[in-house]
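Chemist: My questions all concern the structure below.
Values quoted throughout were computed directly from the atomic coordinates according to the rules given, and no laboratory measurement underlies them. If you're wondering where the values come from, they're calculated on a predicted model, not measured in any experiment. Positions of Cβ are generated from backbone atoms using ideal geometry, with glycine treated the same way; all protein chains shown enter the neighbour counts.
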């Protein structure tokens, strides 16, 4: 065995952190403000329409539960507007799953009554609005600016 001294241990160079996303175009982000609000309001209206239609017809048997659902929907969509990524993910997921289920139920009901086609239409509306939150460039740019501002505010709060 040789008694050579070991060279001092050096840690490997630190990997650079994840590169920040490129800043979205400011004009595109500003143009996405109104479409984002329209999509979020469309999701709220589509979700609350059956409840409000039941109220107009005098159906109040599940009033507390329906008011709670509507309030939670308003809260979730408000969080998306404020720039919460988890709320956006939940909203997109809920709109896709609900849209698919509502569409299928409407198709099944459409075999017996014409109102089933209206239900299928509501399912398509959910699917289209959820897709718009993901696939419309101006909406994504607007939400990206909200997310960036929210993460900067959180980083300043930790420092």
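Chemist: Label region 98-159 by shape, choosing from rounded, prolate and oblate, from the square roots a ≥ b ≥ c of the eigenvalues of the Cα gyration tensor; if a/c is under 1.5 it is rounded, and otherwise prolate applies when a/b is larger than b/c, oblate when it is not. Walk me through the intermediate numbers first.
Modeler: Details: a/c = 6.67, a/b = 3.45, b/c = 1.93.
Cα axes put region 98-159 in the prolate bin.
Chemist: With everything on Cα atoms, drop me the angle between helix 115-135 and the longest principal axis of the chain, reported from 0 to 90° to the nearest 10.
Modeler: 20
Chemist: While we're here: Compute the long axis of helix 85-110 from its Cα atoms, compare it with the longest principal axis of the Cα atoms of the chain, and write down the angle in degrees, 0 to 90, nearest 10.
Modeler: Rounded to the nearest ten degrees, it is 30.
Chemist: For helix 33-56, report the angle its Cα long axis makes with the longest principal axis of the Cα atoms of the chain; keep it between 0 and 90° and round to the nearest 10°.
Modeler: Taking the Cα atoms of the chain, the angle to 33-56 is about 40 degrees.
Chemist: OK, next. Rounded to whole Å and sorted largest first, list the principal axis extents of the Cα atoms in the chain.
Modeler: Ordered largest first, the chain gives principal extents of 90, 45, 30 Å.
Chemist: Between 61, 115, 30, where does the largest GNM mean-square fluctuation fall for the chain, given springs only between Cα atoms within less than 10 Å?
Modeler: 61
Chemist: Same structure again: By per-residue mean of other Cβ atoms within 10 Å, what is the highest-first order of 101-112, 86-97?
Modeler: Values: 101-112: 14.3, 86-97: 16.2.
So the peptides 101-112, 86-97, ranked by packing, come out 86-97, 101-112.
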